[in-house]
Amino acid sequence: MSIEDLPISFELFPPKTAEGIPPLKEQHGLLAPCRPRFFSITYGAGGSTRDRTQQLVLELNRAQGIPTVPHLSCVAETTESLTTLLDTYKAAGIQRLVALRGDLPKDENHIAHQFHYANELVTFIKDHYGHTFELIVAAYPEVHPEAPNAHQDLSNFKRKVEAGASAAITQYFYNPDAYEDFIHRCQRQGITIPIYPGIMPITNHDRLVRFSQRCGAEVPRWIEQRLLDYQDDPASLQAFGTEVVAQLCEKLMAIGVPGFHFYVLNQAKPTLDLLQALGMNITAPELTAA
Ligand code: FAD
């Protein structure tokens, strides 16, 4: 199995201001020749990027023939706000959504509390929109940080599948055993939907450690220590990051994965370097530019 045979997807986030959109479109243009199945666009905690996510989804949809997939988190939404957004996406021909609870906003006083968990969002969309959207949900091989234990987290994941999710993308991880164990546990529960590993390129020690603490992803000590060695040498740090994450992807391909989802973080180069290291033929000259 080679990387060229596997479906891949890329995740972008909406920039803070309108000035950020043209540079993001450039990054989209650099990644598009890899022919991903889709670009997904995140949704800020508590609906904080509702308008910007929608605008970007609609602007990028079908650019170079590639669909966009909006993320949608329900924690701060009402049935009315969801319906408005979903009607817009339906009219625009959007066919897939990433359905999430979302991170809880810092100021919880402002949240609607009509939806508490992602399975409720999946049920709502299925009840009101039938088969209009294919629903992708989040999965946590290393266990969601708020879950009381791994067993209950898996049962909660199963609720989303039973409510109608037809695929999942995982939180990122650097230990392939965590993914393999999760897949085996899913199989024992009768969960058969494709579960795409989410892959986070490594480009910066501090950011990786900060992100990982927040979302419950484990950075193996040896990786963290090696990254510290390269604090003053970003080129070597990035080369090391590419090597480590490429090895992770190779191990995952050996285990057997349905494809990969890359957390691009709006910078094409680290993901393109990774795909090249995995043997993808990326020939267009502009792709190798910084
Ligand atoms: P849920 O599946 O609802 O799970 C949340 C927690 O509640 C878990 O601990 C679970 O075990 C528990 N739980 C679930 N259902 C129940 C239930 N019925 N009863 C009791 N407990 C339950 N965040 C954003 O804000 N915007 C994004 O665009 C975004 N994109 C993401 C994309 C991917 C692929 C992933 C993996 C994460 C993304 N996140 C995003 C982060 C995500 O919102 C957080 O991890 C959030 O804390 C959980 O969302 P969820 O949909 O997994 O929630």
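Mind checking which residues of the range 1-20 are part of a helix (DSSP H, G or I) and surrounded by fewer than 16 Cβ atoms within 10 Å (Cβ to Cβ)?
Scanning the range 1-20 gives Glu4, Asp5, Ala18, Glu19, Gly20.
Being outside any loop (DSSP other than H, G, I, E, B) and under 14 Å from the mean Cα position of the chain (by Cα) is the filter; apply it to the range 82-103 and report the residue that is farthest from Glu134 (Cα to Cα).
Here the answer is Leu100.
Inside the range 22-53, can you point out the residues that are out of contact with any helix residue (DSSP H, G or I) (no Cβ under 7 Å at 6 or more places or on another chain), among the hydrophobic types (A, V, I, L, M, F, W, C) and at pLDDT 95 or above?
Leu24, Phe38
Every residue, every condition in (1) free of Cβ contacts under 8 Å to residues at least 24 places away in the same chain; (2) of a type in the set (A, V, I, L, M, F, W, C), yes or no:
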{"site": "Asp51", "(1), (2)": "yes, no"}
{"site": "Leu60", "(1), (2)": "no, yes"}
{"site": "Gly65", "(1), (2)": "yes, no"}
{"site": "Glu80", "(1), (2)": "yes, no"}
{"site": "Thr84", "(1), (2)": "yes, no"}
{"site": "Tyr89", "(1), (2)": "no, no"}
{"site": "Ala92", "(1), (2)": "no, yes"}
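If we keep just the residues of the range 133-155 that are under 22 Å from Thr79 (Cα atoms) and crowded, with 17+ Cβ neighbours inside 10 Å, which is nearest to the ligand (Cβ to nearest atom)?
If we take residues in the range 133-155 being under 22 Å from Thr79 (Cα atoms) and crowded, with 17+ Cβ neighbours inside 10 Å, then Ala138 is nearest to the ligand (Cβ to nearest atom).
The values are calculated or read from the model by the stated rules, or taken from the named source; none is laboratory data. Owing to the predicted nature of the structure, the values given are computational and were not obtained by experimental measurement. No Cβ is skipped: glycine too gets one built from the backbone with ideal geometry, and neighbour counts run over all protein chains shown.
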